[in-house]
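The values are calculated or read from the model by the stated rules, or taken from the named source; none is laboratory data. What you see is a predicted model; the values in this text were computed from it and never measured. Heads up, the Cβs are rebuilt from the backbone with ideal geometry, glycines too, and the neighbour counts pull from every protein chain shown.
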Amino acid sequence: MALLDILHFPDQRLRQKAQSVEHIDEKIGQIVADMLATMYHFSGIGLAAIQVNIKKSIIVMDLSQEKNQPECFINLKILEKKGKHKAEEGCLSVPGIYEQVNRAEWIKYEALNEKGEKIQGEVDGLTAICLQHELDHLNGKLFTDYVSALKLQRARRQLQKEAKNN
Ligand code: K1U
Ligand code: ZN
């Protein structure tokens with residue numbers, strides 16, 4: 001397993017769009033393993049392949065307390081969305097910034113797992129938020145795109161202040 005480099009805002013490679021995975025083979029298995037190792041290393045709850053400069057539709061996630069329930073979503077598609085929910089988000093590609101974002105409260109999805117099996121689910125709460133956040137990454141979008149420029153400026157100034165005081 002290898003730790004991968006995470007791209008940070010404003011790196012334009014974060015704006016690339018992922019391509020569908022055609023064949024799930026050993027190479028894809030290695031990417032999934034490396035993405036999981038990277039996500040755990042940086043204490044994330046999710047990671048999209050675009051964040052590690054891999055232009056493939058691959059997402060990993062683990063929302064368990066014990067960090068022992070890794071999940072993988074290949075070619076994730078959101079089929080239905082319902083409701084609205086505002087919650088705080090962070091991003092490993094935008095370190096130190098946490099802002100409220102509006103997302104659908106409930107989603108129905110389909111994807112492939114790391115074995116190439118079709119998976120489907122209906123989820124809400126943090127799972128729904130995280131999958132929408134990661135799918136945005138695969139479409140070149142960041143959570144900060146939903147936040148006002150003024151709020152972002154304030155958050156960045158606060159970060160700079162904290163960095164000076166430490
Ligand atoms: O995609 C990423 O950059 C990972 C990101 C996922 C995410 C967190 C929160 C809401 C939506 C998506 C993270 O794991 S950020 C770090 C983190 O663990 C976290 C931050 C804020 C709230 C909950 C968790
Ligand atoms: Zn992110």
Among (1) more than 30 Å from GLU162 (Cβ to Cβ); (2) buried (at least 16 other Cβ atoms within 10 Å of the Cβ); (3) not acidic (Asp, Glu), the one test that LYS84 misses: (2)
Across region 35-50, which residue is farthest from ligand 1 (Cβ to nearest atom) among those that are farther than 15 Å from LEU142 by Cα and touching a strand residue (DSSP E or B) at 6+ places or on another chain (Cβ under 8 Å)? LEU36
Out of (1) over 15 Å from the mean Cα position of the chain (by Cα); (2) more than 24 Å from GLY140 (Cβ to Cβ); (3) outside any loop (DSSP other than H, G, I, E, B), the one LYS27 does not meet is (2)
Every residue in region 101-115 that is surrounded by 12 or more Cβ atoms within 10 Å (Cβ to Cβ) and polar (S, T, N, Q), please. ASN113
Can you find a residue that is in contact (Cβ under 8 Å) with a residue 40 or more places away in the chain, within 16 Å of ligand 1 (Cβ to nearest atom) and among the acidic types (Asp, Glu) anywhere in region 140-163? no
Search region 51-72 for residues that are closer than 15 Å to ASN139 by Cβ and pair each with any residue that is at pLDDT 95 or above and exposed (fewer than 14 other Cβ atoms within 10 Å of the Cβ) when their beta-carbon atoms are under 7 Å apart and the residues are at least 6 apart or on different chains. LYS55/GLN19; LYS56/GLN19; SER57/GLN19; SER57/SER20
Would you check which residues across region 14-46 are within 13 Å of ligand 2 (Cβ to nearest atom) and either within 13 Å of LEU76 (Cβ to Cβ) or among the acidic types (Asp, Glu) (or both) and list them? GLY46
